[in-house]
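Here the structure comes first, spelled out in structure tokens, and everything after it is commentary.
FYI, it's all coordinate maths here, none of it is from the lab. Just so you know, these numbers come straight off a predicted model, no measurement behind them. Virtual Cβ from ideal backbone geometry, glycine too; neighbours counted across all protein chains shown.
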Amino acid sequence: KQWYQRRVRGDIADVKGSVLLEHRESTSYVIACEDATVACGDVREQSEGPDNAEIFTALPGSAANKVALKTGYDKFLTVGVDGSITGRAEAIGAREEFTVSFNAEHQTLVGCNGRYLTFNKDGSIGCTGTEAKESCEVVIRTRGDKVRKQETLAEKEKKGSAREYEVNYVKLYQKFQDKKLKLSDKGVKNLKEARKEGRFHEEMLDRREKMKSDRYCM
């Protein structure tokens, strides 16, 4: 299917699934490299299809204007303290979320360090920009499929009981070596308190990190 430019006004939840990140100035796409770095790919005509390494999967973040990006290597993009971007993370945390802003012509992505994703002249990419200059302008392209709005993690947390959400959350990450679902032995009291205090997602991450059977944690 033909890739086209989808512009969304203020709600990144409308952009999900397979996406391309195009450098607006050069009409090249962000590419995930085998060494877990990211860079600008070759300049392309709009009629050309992308390489597999240029296709990312967009997933909703903890807020409506945030998104996580998974590479074709099944790893999430992470922003380092120095603004470097790598694709090694196996789960979504604060460092894997990008804040997206929209205007009439393009988008910008801001990392957890508060800096704009920037396309450098040498082809490298990093979250180093302090201002939204032309070198920070991104065009998010998706397939021509009709996209349904996807709930953010914050919206999902408000639905159902704390235990129901925990079960659904664990199913996303846990290995089923013995085909038995393993939940934290901390019970639901802490989850209920975390929900009231607005830190439900953080509590779930803490639980996941402590469980040896978790799919993505040692």
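Numerical summary
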| quantity | calculated |
| --- | --- |
| Linear extension gain, Lys189 paired with Glu45, 0.36 nm per residue minus alpha-carbon span | 46.3 nm |
| Förster-model FRET efficiency, 22 Å R0, Lys121 and Ser18, C-beta, rounded to 0.05 | 0.20 |
| Gain upon complete extension [Thr57, Ser84; 0.36 nm per residue less C-alpha separation] | 7.7 nm |
| Phi to ³J(HN,Hα) by Karplus 6.51 cos²θ - 1.76 cosθ + 1.60 over the stretch 91-98, Hz, x for Gly, Pro | 8, 8, x, 4, 6, 9, 9, 10 |
